[in-house]
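Nothing in this text is a laboratory measurement; each read-out follows from the coordinates by a stated rule. On a predicted model such as this, the values are computed, not experimentally measured, just so you know. Positions of Cβ are generated from backbone atoms using ideal geometry, with glycine treated the same way; all protein chains shown enter the neighbour counts.
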Amino acid sequence: MKQGRIIIVSGPSGVGKGTVLKEVMKDDPSLQFSVSATTRTIRPGEIDGVHYYFIDKPRFEALIANNEMLEHAEYAGNYYGTPEKAVNDALAQGISVILEIEVQGALQVMRRRPDAISIFIAPPSFEELARRLNGRGDTPPEVAAKRLQIAEQECRNATKYQYTIINDTVSAAAARIRAILTAEACRSEYNAIQLEEEE
Ligand code: 5GP
């Protein structure tokens, strides 16, 4: 069976990564989300074990010490990380795993797993990103301002990813990601052709 692929997706807070990825994953059982661990507090509507594993700092540090994290990073004062076992289990079953992670963690995965596909989702403009961040009811203004600042820094890293897509509309952005995944699945290195034995 063909192994799944790791698909790294990053983009600034508020760019709409979650919505675009949900659209990409709709009706596609060959794709799975990696559930990250984080030390940040749970937001209304989030479910432990579904959106994140919400854990405390000592537990997070123990996971790092035991080499159970594929990558980890600190973002806006909290730890975030990808538990490695669940990723490897899915890949072995031929399922590709989407890692929605920030830039520092993404760079770690690119180094450790050179066959990972990396995609950066960018906003159409910073004015539009600020509008989206301020319009999101669950983010206080000072947090939004800090995130906009981080977003600018993050966009400087876009060239480290194999692909950059603009999220102008959800359907167009999702279509671009599906096109990337289709092309990646057709790469010759993953499609050895069985030739007839020569006489
Ligand atoms: P939020 O707190 O808004 O859910 O996420 C904040 C940032 O952390 C986002 O950029 C998100 O992509 C990133 N993030 C979520 N999970 C992980 C993870 O496992 N590792 C890393 N490095 N970043 C993560």
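Residue separation times 0.36 nm, minus the C-alpha to C-alpha distance between Gln162 and Arg112: what's the value?
16.5 nm
Which of the lysines could a cross-linker span from Lys146 if the Cα-Cα distance has to be under 27 Å and same-chain partners fewer than 8 positions apart are dropped?
Here the lysines satisfying the reach criterion relative to Lys146 are Lys17, Lys22, Lys57, Lys160.
Given H placed 1.01 Å from N in the peptide plane, which residues other than close sequence neighbours of Ile98 have an amide H under 5 Å from its amide H?
Long-range HN contacts for Ile98: Ile7, Gln32, Phe33, Ser34.
Want the number for Lys57 to Glu184: 0.36 nm per residue separation, take away the alpha-carbon distance, what's left?
Computed gain between Lys57 and Glu184 is 42.0 nm.
Counting only C-alpha contacts under 8 Å and six or more residues apart, can you give the relative contact order of the chain as a whole percent?
31 percent
How many nm is it between the label spots at Arg131 and Ala192, if each spot is 7 Å from the Cα in line with the beta carbon?
With each label point 7 Å from Cα toward Cβ, the separation is 5.2 nm.
How far apart, in nanometres, would the label points at Ala65 and Asn78 be if each is projected 7 angstrom from Cα along the Cα-to-Cβ direction?
Reported label-point gap for Ala65 and Asn78 is 2.3 nm.
With n ≥ 4 as the cut-off for DSSP H runs, can you work out [θ] at 222 nm for the chain, using -39500 (n - 2.57) per run divided by the number of residues, rounded to the nearest 500? Let's see the in-between values first.
Numbers: 7 runs with 78 residues, N = 199.
Value at 222 nm, helices only, nearest 500: -12000 deg cm²/dmol.
Determine ³J(HN,Hα), in whole Hz, for all residues of segment 77-82 in sequence, where each value follows from phi through the Karplus function 6.51 cos²θ - 1.76 cosθ + 1.60 and θ = phi - 60°; x replaces Gly and Pro.
x, 10, 8, 9, x, 9
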